[in-house]
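Data first, discussion second: the structure below is written as structure tokens.
The values are calculated or read from the model by the stated rules, or taken from the named source; none is laboratory data. Everything numeric in this text was worked out from a predicted model, so none of it was measured. Every residue, glycine as well, gets a Cβ built from its backbone with ideal geometry; the counts of neighbours run over all protein chains shown. Side chains included, ligands, DNA and RNA excluded: accessible areas come from the protein's heavy atoms. Shrake-Rupley method; radii C 1.70, N 1.55, O 1.52, S 1.80 Å.
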Amino acid sequence: MQESDAVPTDAPPLGECRAVIDIGTNSVKLLVARVHGTLVDPIVEKGNQTRLGEGFFATRRLQPAAIARTAAAIVAFRDEARTHHPARLRIVATAAAREAENQAEFLEAVRPAAGDGTEIEIITGPAEADLAFRGVCSDPHLARRSLLVADVGGGSTELILGDSGLRRFSRSFPIGAVRMMESLRPPESPSAGDLQRCRTTLDAYLVEHVVPSLREAPPAGFPQPLEFVGVGGTAAILACIVHGLERYDRSRIENTRLTSDVLSDLTTRLWSLSLIERQRIPGLPPERADIVLTGSAIYEALVRVLKLAALRPSTRGLRFAALLDPQ
């Protein structure tokens with residue numbers, strides 16, 4: 001499954017064309033869209049897995065090769081964005097960039113890639129959480145719902161509670177698919193014991209850190225039922241695997257419900273396969289066949305530990321909200 005190069009529409013183009021490049025711990029992603037009011041109509045959505053966080057979590061330093069790959073992806077996406085003549089281009093960076101001891105070195109290396117004096121914004125965890133929530137709420141079907149949003153990235157997971165489009169609580173936690181993979185280092189052909197070690201590690205972290213944090217949220221009068229929404233590549237990919245999607249289909253992804261049993265079975269299945277076998281799964285991009293193990297396990301653990309009914313994937317997150325921000 002690949003993100004769409006272009007999103008066809010029968011309607012005439014409306015609104016202002018804007019673009020955002022999102023520099024994540026695992027991937028650099030581009031969104032070019034027309035924005036009218038609170039609606040975001042995608043024109044181009046692309047991703048390049050540059051693994052900026054490769055080797056980072058052991059050293060707290062971004063590695064030169066990973067920085068170079070990321071800079072090259074920024075140049076390519078910047079040039080592609082310009083072909084659509086956006087009114088503005090925004091570039092944001094998240095967990096790996098904000099935690100890096102050599103952040104200044106990273107910025108010095110990638111600023112020329114941005115070009116034309118475009119600033120690279122290294123956003124805080126709370127800001128990332130806010131953008132994720134507002135991006136999800138750009139979906140009219142979710143704008144009035146009571147939500148727990150999880151944005152599982154490469155280096156961090158943001159959890160946000162809100163209702164009727166208003167964020168009530170948010171926190172960023174240092175767990176992510178790449179961070180977990182580099183910490184646990186599962187083999188290419190993991191065993192049942194490897195999966196159990198991952199589950200035990202995640203359960204212990206969630207019980208110690210996440211559950212107490214959510215207890216600080218304002219439960220009094222908080223509407224029920226609560227819908228659990230996952231944004232980011234992993235949630236969408238899990239839906240694509242379930243449906244066997246070879247092409248990006250926003251509607252099918254966003255209408256998927258992954259129950260606790262489905263997530264458990266899917267995670268167990270993924271951890272029972274070798275890397276080569278996972279690379280052949282329809283709906284799973286081969287380059288993500290390694291970190292899908294820990295990404296799936298994080299969502300499974302959230303549903304299990306927080307006793308949630310199901311996971312609803314959303315394709316709208318940080319990048320959608322970044323285009324909505326007035327500048």
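Using the alpha-carbon centroid of each, what span in Å lies between region 259-327 and region 141-189?
With region 259-327 and region 141-189 each reduced to a Cα centre, they are spaced 11 Å.
Taking only DSSP H segments of four or more residues, each worth -39500 (n - 2.57), what value at 222 nm results for the chain once the sum is divided by all its residues, to the nearest 500 deg cm²/dmol?
So the helix-based figure for the chain works out to -11500 deg cm²/dmol.
Read phi for every residue in region 76-81 and hand back ³J(HN,Hα) as whole Hz from Karplus 6.51 cos²θ - 1.76 cosθ + 1.60, θ = phi - 60°, with x for Gly and Pro.
Working through the residues one at a time gives 4, 6, 4, 5, 5, 4 Hz.
Each residue of region 26-34 in turn: what ³J(HN,Hα) in whole Hz from Karplus with 6.51, -1.76, 1.60 and θ = phi - 60°, glycine and Pro shown as x?
9, 9, 9, 10, 10, 10, 10, 8, 9
For region 266-306, report the accessible area per residue in Å² (1.4 Å probe, heavy atoms, rounded to an integer).
32 Å²
Based on DSSP loop calls and a cut-off of at most 15 other Cβ atoms within 10 Å, the longest stretch of the chain free of exposed GluC sites (Glu not before Pro) is what?
Answer from the scan: 1-100.
Hey, any idea what the orientation-averaged projected area of the convex hull of region 236-327's Cα atoms comes to, in nm²?
Taking a quarter of the hull surface, the average projection is 7.0 nm².
To one decimal place, what orientation-averaged projected area in nm² is obtained for the convex hull of the Cα set of region 30-119?
Its Cα hull, projected and averaged over all orientations, spans 6.2 nm².
For the chain, which whole percent of the accessible surface, found with a 1.4 angstrom probe, sits on carbon and sulfur atoms?
52 percent
Would you grab the residues whose amide H sits under 5 Å from the one on Arg316? Only those 5+ places off in sequence or on another chain, please, with H modelled 1.01 Å from N.
For Arg316, whose amide H was placed from the backbone, there are no distant partners under 5 Å.
Remind me, relative contact order of region 169-327 in percent, using alpha carbon pairs under 8 angstrom and six or more residues apart?
Working: 170 pairs, mean separation 61.3, N = 159.
After rounding, I find 39 percent.
By what distance, in whole Å, do the Cα atoms of region 146-293 stretch along each of the three principal axes, largest value first?
On the principal axes, region 146-293 reaches 48, 35, 25 Å in Cα extent.
Quick check: convex hull of the Cα atoms in the chain, volume per residue, rounded to a whole Å³?
It is 125 Å³ per residue.
Which is the longest run of the chain containing none of the trypsin sites (Lys or Arg not before Pro) found in DSSP loop states (not H, G, I, E, B) with at most 12 other C-beta atoms within 10 Å?
With trypsin sites (Lys or Arg not before Pro) excluded where exposed in loops, the chain gives 145-246 as its longest stretch.
Amide H of Val229 versus every other amide H placed in the peptide plane: which residues, excluding those fewer than 5 positions away on the same chain, fall under 5 Å?
Leu148, Val149, Ala150, Arg312
Under 5 Å between amide hydrogens, which residues at least 5 positions from His84 or on another chain qualify, with H placed 1.01 Å from N in the peptide plane?
Under 5 Å from the amide H of His84: no residue qualifies.
From the square roots a ≥ b ≥ c of the eigenvalues of the alpha-carbon gyration tensor of region 107-189, which class results: rounded (a/c under 1.5), prolate (a/b over b/c), or oblate?
Note, shape of region 107-189 comes out oblate.
Using the Cα atoms of region 223-275, I'd like the radius of gyration and the largest Cα-Cα distance, Dmax, both in angstrom.
Considering region 223-275 through its Cα atoms, Rg and Dmax are 12.3, 43 Å.
Only Cα pairs under 8 Å and at least 6 apart count here; give the relative contact order of the chain as a rounded whole percent.
Over the chain, the number comes to 20 percent.
From the phi of every residue in region 230-240, what ³J(HN,Hα) in whole Hz does the Karplus formula 6.51 cos²θ - 1.76 cosθ + 1.60 yield, where θ is phi - 60° and glycine or proline is x?
Result, rounded to whole Hz: x, 10, x, x, 4, 4, 5, 5, 4, 5, 5.
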